[in-house]
Structure formats: structure tokens, C-alpha cells
1. Among the listed residues E88, E62, identify the single one that is within 18 Å of the chain's Cα centre (by Cα) and part of a helix (DSSP H, G or I).
2. Exactly one condition in (1) surrounded by 23 or more Cβ atoms within 10 Å (Cβ to Cβ); (2) more than 20 Å from the chain's Cα centre (by Cα) is not met by A275; state its number.
3. From the list D186, D253, pick out the single residue that is under 30 Å from G305 (Cβ atoms) and either without any contact (Cβ under 8 Å) to a residue 60 or more places away in the chain or surrounded by 20 or more Cβ atoms within 10 Å (Cβ to Cβ) (or both).
4. With out of contact with any Gly (no Cβ under 7 Å at 6 or more places or on another chain) and over 21 Å from Y265 (Cα atoms) as the only criterion, which of E331, E387 stands out?
5. In region 29-48, what residues are crowded, with 17+ Cβ neighbours inside 10 Å and either among the small types (G, A, S) or touching a Ser or Thr at 6+ places or on another chain (Cβ under 6 Å) (or both)?
6. Please determine, by comparing only the residues of region 1-27 that are hydrophobic (A, V, I, L, M, F, W, C) and within 25 Å of the chain's Cα centre (by Cα), which one is farthest from I101 (Cα to Cα).
7. Counting just the residues of region 322-337 that are crowded, with 24+ Cβ neighbours inside 10 Å and more than 13 Å from the chain's Cα centre (by Cα), which one comes out farthest from R254 (Cα to Cα)?
8. Given the structure, is L454 in a helix (DSSP H, G or I), hydrophobic (A, V, I, L, M, F, W, C) and surrounded by 16 or more Cβ atoms within 10 Å (Cβ to Cβ)?
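Only the coordinates and a few stated rules stand behind these numbers; no lab work does. Just so we're clear, the structure is a prediction, and the values are computed from it rather than from any experiment. Reconstructed Cβ throughout: ideal geometry from the backbone, glycine too, with neighbour counts over all protein chains shown.
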Amino acid sequence: MTLIKSISGIRGTIGGLVSEGLSPIDIVKFTAAYATLRGKTQTGNRKIVVGRDARISGPMVEKLVVGTLMGMGFDVINIGLASTPTTELAVVMEQALGGIILTASHNPKQWNALKLLNSDGEFLNKQEGEEVLRLADDEAFTFAEVDELGHEIQKDYTQKHIDAVVALKLVDTDAIRKANFSVAIDCVNSVGGIILPKLLKQLGVKQITELYTEPDGNFRHNPEPLEKNLTDIMQLMAKGGHDIAFVVDPDVDRLALIAEDGRMYGEEYTLVTAADYVLSHTPGNTVSNMSSTRALRDVTKGYGGVYEASAVGEVNVVTKMKEIGAVIGGEGNGGVIYPESHYGRDALVGIALILSHLAHKQCKLSDLRATYPAYFMSKQKIELTPEIDVDGLLVKIQKHFANENISTIDGVKIDFAESWVHLRKSNTEPIIRIYSEAHSQAEADKIGQDMIALMQSML
């Protein structure tokens, strides 16, 4: 059993002993800590939004979270089965104090999690997250007396989310309708199966082939939208007859594309493609985390904008986007953040922007992909013994490459002329993750392998 507590929330496997898995007691304790924090931010407003993905454990976790919030004196806007971005938008639309999303994102079905939002529908910052952890450890909660108990109000925000996406200025439903796209989707048996078909129909797509849209939580494949997990929909696309396929993770904040010939588009290029379309209409700045492809930088410069990299983590991307006034940003794992909608990764926004782009270009998706700089990424790791000074090892690497362009805002990233490598230590195990990117897969792999050899020589 696993329980991971972090500033962004609590996640773990269902079952097991208290504090060893995501037990009911841990769920109640963490929810009470979050409610205590939110109760300090504003008087009068006692609304908190709760939404969940379709995991098997979802109803159990939902009852515990909703009951605890009511016991703390909060009114709960329970939007039920809803994507992560739907819940984020609901917090703003309800003018709530915050929100709790019950989802373990791309983790397998035995996992669940509580993701915590502020009143802007954005993830808590580091200081707020640390305070929740402290409050949970102290267990100094004050529950409401009987006349002060909160109430539960059930609402459905699915259509409101779709309407908000379709209303975006750059979403061109007329062009999409005229393009007469044939679209396939894989929603891995979660909430994407509820909202994606409705979105596509409202965008003007008439031909939709659905895979795994029944939201029963029995994921038919590993829910992370990576090529190795998407055999079924890739084979469907390879048979022909479809223009594009969209694949989402269980909470619909990550978006992967498959081209008309059945080949993966590349998760790193979801954001690049959406950004290309946005920048072509509203030139400006962009942000992604420093483990994301350099292609976004190249495309941004092509439009005269400024690209900057943030530390890894959605909250860090959002902070940097606000700092430089970015018109679009996100993460290389298929996460598109478009401020005209909201500051959160949203696969629905990504779908609407990319279909609009493809409709305007009037070309095949594979041809569109060929217009972007070709980069290849390698993801490796080096396992270390617990007694090794990982921070000290990263300092040695930094000194070794002192003459190169180095960033240390999140581990050590070394930008070479035609490639880069990013080293980050894990917070949960004695390993260093090594991400590298170059103009060929062989070169990217070699950069990572050479870095592993160099670190081993320094031990």
C-alpha cells in the first residue's frame, strides 16, 4: 500500500492500514485540514466544490469528503462525475472558497487522490499546501455544532464547461463543421466518456467513433495516454477513415493525438500545435515546464514572442505564465493551459483549438506535424543508495558543466546548442530522473546514458 502526501494533495492506493494506504481516516483528516485552511481565507462564504472521476473507489471517497466538509460547516457543491477542468471552472462560476477533485489522474484503478484548489480554481501554492500538511499532522480540527452543519447541493457542470469552451473567440465551429471531420476518441472508461462526445457534437463533428466511453472505472488499458498503452485506438486509426483521434486520461486534463495513419502524434506536440494556432492569431509569450520539448520555444520565437521555462508542476507553470503574460502554456505531457479559458490544463480546450487549427489548415494531421521542428525525448533514471548525497551529486554536475547554459530552479538543466538534459531528484525514492532531448532518438538516448555514466564516476 502507498500513501503520498504532497503540497498538491494526497494520493494513494485504496485499502491497507491507516497512513499506509488511502484509508477513510486519512481522507477525513486531510479533508478537514483543507477545510480548516479555506475557512481562514474568507468569512461568510462557506461553499466548496467537489467533483470526481469515474474510479471504482470514487463514490466511497466522495461520501467521506462531502460528509467531512459538511461536518466542518461548509456547503458542498457536489458536481459528481466531472473532469478536473470542469471542477476548476465550477469553483469560479460558483464563487466558491475552493474545490477538491477526487482523481488520481493517470494512475491505475487502485489509486485515488484529493487534489486541492483555491478560490480561483487553481492548485494551492507551496505555502498553502505545506499548511494543509501541517494541519493534518496536528489534527487540531474544530467541527461544526449541529445548527452550523453544512448542506450538500448537487449540480451538473458538464454543459456549462462545454458552452464555455465553444464560446472561446478562437474556437471556430463553422470551420470545424465545414471540414466534416471523422474523429475517434478513447476515454479510458472515465469522465471523458461523458463530456467528449457532447463537446465534439457541439463543435460540429458528426462522425465520432467511441472507444471506452462507458464511465465505469474499469480502465480497459493502462490509463496513462502513452503509445505503449494505446494499441486499440492506434489500430483503429491505421485502418483509415478517420482524420484524428483524441485520447484523454481519467480526469481529462491530458490530451494525446493520433494521426490519420495510426501513428502517435507525440504528446509533447499537443501543446506545440495548440500554441501554433493561438500564436497565429494572438502573438505573445509562452511557458512550459523545463522538461518539455524545445519545439514550443522555436514556434514561439517564429511568431516574435518570448518563451520561458518554469519548474516542473502545473502551479509553477501557471505562476510563470502570469508573470510574463503568456497567451498559452502548459506541459509536455499533453497539458494545454489557455488563460482565455482558465489557468488549468484542459483537454477540451486543447481539442477545440486543435480542430479549429486543422480546419483552417485544410491538411492531414500528419502533414501538420511535419511542419514543426523535429525533436526526440529520452526519459531515464539512475538509482542510488539512500546514503548518497543526491544534492551534492547535482552540485558536482553543475560545476562540471559550468561553461554551459545552466538552470537550477528545478534540479539541474543543461541547455546545449542542439540538445538539453534535465536532472531532477525524486521526492519519494533515491533516484535522479534524467530527461534529455535532441534531433534524433539515438542522440537523446546517448545524452542520458552519458549523464548516467558521468554521475556514476562521481560517486
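1. Details: E62 fails: within 18 Å of the chain's Cα centre (by Cα).
Only one candidate qualifies: E88.
2. It fails just one condition, (2).
3. Numbers: D186 fails: under 30 Å from G305 (Cβ atoms).
The conditions single out D253.
4. On the way: E331 fails: over 21 Å from Y265 (Cα atoms).
Unique residue meeting the criteria: E387.
5. Those that are crowded, with 17+ Cβ neighbours inside 10 Å and either among the small types (G, A, S) or touching a Ser or Thr at 6+ places or on another chain (Cβ under 6 Å) (or both): T31, A32, A33, A35, G39.
6. Initially, region 1-27 is screened for residues hydrophobic (A, V, I, L, M, F, W, C), giving 1, 3-4, 7, 10, 14, 17-18, 22, 25, 27.
Filter once more, keeping what is within 25 Å of the chain's Cα centre (by Cα): 1, 3-4, 7, 10, 14, 22, 27.
On the way: M1: 21, L3: 17, I4: 16, I7: 14, I10: 11, I14: 16, L22: 15, I27: 12 Å.
The residue in question is M1.
7. A326
8. Details: in a helix (DSSP H, G or I): yes; hydrophobic (A, V, I, L, M, F, W, C): yes; surrounded by 16 or more Cβ atoms within 10 Å (Cβ to Cβ): no.
So L454 fails the test.
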